1. For the stretch 241-268: of the residues being closer than 22 Å to Ser154 by Cβ and among the charged types (D, E, K, R), which is surrounded by the most Cβ atoms within 10 Å (Cβ to Cβ)?
2. Counting residues that are modelled with pLDDT of 95 or more and crowded, with 22+ Cβ neighbours inside 10 Å, which helices (runs of 4 or more DSSP H) fully inside the stretch 370-449 reach at least 3?
3. In the stretch 28-38, is there at least one residue being of a type outside the set (Asp, Glu), at pLDDT 95 or above and open to solvent by 30 Å² or more (accessible area, probe 1.4 Å)?
4. Residue pairs, Cβ under 8 Å, 6 or more apart or interchain, first in the stretch 494-517 and open to solvent by less than 60 Å² (accessible area, probe 1.4 Å), second of a type in the set (D, E, K, R) and not in a strand (DSSP E or B). List them.
5. Tally the residues that are closer than 22 Å to Arg508 by Cβ and out of contact with any Leu (no Cβ under 9 Å at 6 or more places or on another chain), restricting the search to the stretch 355-375.
6. Which condition does Asn480 not pass, out of (1) in a loop (DSSP other than H, G, I, E, B); (2) modelled with pLDDT of 95 or more; (3) within 22 Å of Leu443 (Cβ to Cβ), if it passes all the others?
7. Tell me, yes or no, whether the stretch 52-59 has at least one residue that is crowded, with 20+ Cβ neighbours inside 10 Å, under 16 Å from the mean Cα position of the chain (by Cα) and either in contact (Cβ under 8 Å) with a residue 60 or more places away in the chain or assigned by the TED database to the domain that holds Met402 (or both).
8. Starting from the stretch 466-479, keep only residues that are without any contact (Cβ under 8 Å) to a residue 12 or more places away in the chain, then list their pairs with residues that are part of a strand (DSSP E or B) whose Cβ atoms are within a distance under 8 Å, requiring at least 6 positions of separation or different chains.
Amino acid sequence: RKKMGPLLLLIIYQCAINSVKTHSVSNPNIILLMADDLGIGDLGCYGNKTLRTPNIDRLAEEGVALTQHIAAAPLCTPSRAAFLTGRYPIRSGMAAFSRVGVFLFSASSGGLPSEEITFPKLLKEKGYATALIGKWHLGMNCESSNDFCHHPLSHGFDYFYGLTVTNFRDCKPGQGSVFLKGIQKDLVIPIQITGITLVSLAIVQYIGLLQVPFQAFGYCLLIITISLAVLIFFFYHFRHLNCFLMRNHQIIQQPLSYENLTQRLTKEATQFIGRNTDAPFLLVLSYLHVHTALYASENFRGKSKHGLYGDAVEEMDWSVGQVLDVLEKHNLSDKTLVYFTSDQGAHVEEISSAGEVHGGYNGIYKGGKSTNWEGGIRVPGLLRWPGVIQAGAYIDEPTSNMDIFPTVVKLAEAQLPSDRIIDGHDLLPLLQGEVTQSKHEFLFHYCNAYLNAVRWHPGNSDSVWKVFFFTPNFSPEDSNGCYDSHVCFCHGGFITQHDPPLLFDLSRDPEEKLPLTPETESRFYEILRMIHQAVYNHTRSLQAVPNQLSWDNLLWKPWLQLCCSSLFQSCYCDYD
C-alpha cells in the first residue's frame, strides 16, 4: 500500500492535468474571418514584402500558419457551402453542371438546402450566440420573396448584417460590368439570327413565296420586344435589384453604398463581440474585400504601393486589427479561436477598364480563381488561440477549409452528424503538435460539378501527388489565366482532357511546371492506380441531390425580388 500511494497520487495528478486541459479547450469563442478572392501571396506572413498586413501577420506570429490550406472549390458559392457544411459541394447540390458556378442574382431560387447541417446550427444548439457579418452568397428565397429558406438566419445564425449575394463591379458606378462581355457574346448571335429570320419571312411574304399569318409576325415581335425590354430593365436596374445591405430579414440600404463600408462591417463585428462577453459566441466576418468592385475608405485610399487593390487589402488588415483589439479590451484573447482565410485564390484576370490590376497575387503558384491549379485553391490558413495551439509554427500538411466544421463542432462539445459523410477533419491535434501528419490522404478538387484533379499524400512519404484529368485552356495561351472570358470554365471547348492524367509531385514542384512521365517517375502507373481507386471509392459515396445551380435555380425570378420601397421608386432606401 505504501508503494501504491505515490502511484495513485500520480494518476490523480495526471487526471487533474487532463481535466484542466480538456476544460481549457472547451466552448471557446470562435471568430472566423474570410476574405474574398485574396491571394496567398498578398500577405506578409506568406512572403509579401510590399503590402502592409501587420494584423493578419500577427495571427501567424501568435498562432499557426497552414502553408497547404486548400479551398474545397475555386469559386465563391461552392467553396462557402463546403466551409459551412464540412462537405464537398457536390454532396449538397452546390456545384454546377452548367457554365455558371455561382449565384448572380438576389432573386434566384437556388441556395444551400435546408437539409444541410451547418456548424452555426450545431453551435447555436449548444448555446452559442451566432452572427454572420458581410457576404453570404448562398441563396435567399425559394418560392416567395419572404420565405427566406436559404437565408443565413435559416442556417443557424442569430444575427445577419451584410449582402446576400456578392460584391459585383455592377454594384459600383463607373467600375464596369461583370456581365457585359458575356451578354454580348451570348446574345449577339441569337439576336442576329432572330432578326435575319424575321426579315427573311417578311421578304418571302412580300414576294408571295410563302403566306405567313400576320398574327404570327405580331406574336413574334411582341415576344421579342417584351424579352428585350425585361432584359434591358433588369440590367439597367441591376445595382438596385441585387446590391443591397440587409440586417436580418430587412433591407436597410438599397442600393449598397460603399462609403465607409468596411468601417460599418467592422463596427457591427466589434459590437457583436461586446454584446456577448459573458457567453460563448461564433462570429463569421466575411469581408467583401478584395472582390471587385474594389473600394477603400478615405483613410486608406492611395496609401499602398499596389493601387486600389493594395488599399483594399490594407483596409481589411486594419479591420482584423480592430477585432483583435476588442478581444484584448474584454480579456477574451485567451478564450477565443481566431481563423483567417480566403474563399479561393486571387482573381488574376481582374483588370480595370483603365488597365489597372484589380486582382491579387498567388505567389509562386500557377493560375487563380476558377481553376484547380494551386493558385486557385491554395489559400491562407491562419489560426490563433493563445495557450492552446502552437505559436509561430508553419505546417505544410494538406488541410481544407472543410476542416473548420469538425474542429469547431468538437470544440463546442456538439455531436458531428452521423447520418451523412463529413469530409473535413478536426485540425486541433495538428495545431497542438500532437500529430505531424494530416488526416487528408486524398483531397478531391472539383471544377463546378466535374472532378478535375486529385491530391494524394501517402502516409509513408513526403510526396504530395496531384493528378489533373483536364486543365483549362488559358487565353492567351502563354498567359496565367483565361483573360478572354474573365474566368476559366470547366467543360467543352474551354478545357483539354488528359489521358493519362497529368501528374505532379507538389513537394518537389509546387509551381506545377513539370508534369511527370513514366520515364521521369518510376511509380507513375502505380500512383495513377492508387488515385483511380480513391476516385472510385469517393464517387461511390456520392448520392444524387437536387442541383441548386441549375439554370432554373440560377435565373432571375421577379416574384422573388426583394425591394425596400417599390419598383417605381427604383427600390431605393437608406436606413443605415
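1. Only one residue tops the list, namely Glu268.
2. By residue number, 374-377, 404-411.
3. no
4. Listed pairs, sorted by first residue: Leu503/Glu521; Phe504/Glu512; Asp505/Glu521; Leu506/Glu374; Leu506/Glu512; Pro510/Glu374; Glu512/Lys366; Glu512/Glu374.
5. Count: 10.
6. (3)
7. No, there is no match, as no residue in the stretch 52-59 is crowded, with 20+ Cβ neighbours inside 10 Å, under 16 Å from the mean Cα position of the chain (by Cα) and either in contact (Cβ under 8 Å) with a residue 60 or more places away in the chain or assigned by the TED database to the domain that holds Met402 (or both).
8. Ser475/Cys482
The values are calculated or read from the model by the stated rules, or taken from the named source; none is laboratory data. Since we're looking at a predicted model, the values are computed, not measured. Neighbour counts run over all protein chains shown; Cβ positions are idealised from the backbone, glycine included. Quick note on the areas: whole protein, heavy atoms, side chains included, nothing else; ligands and nucleic acids left out. Shrake-Rupley method; radii C 1.70, N 1.55, O 1.52, S 1.80 Å.
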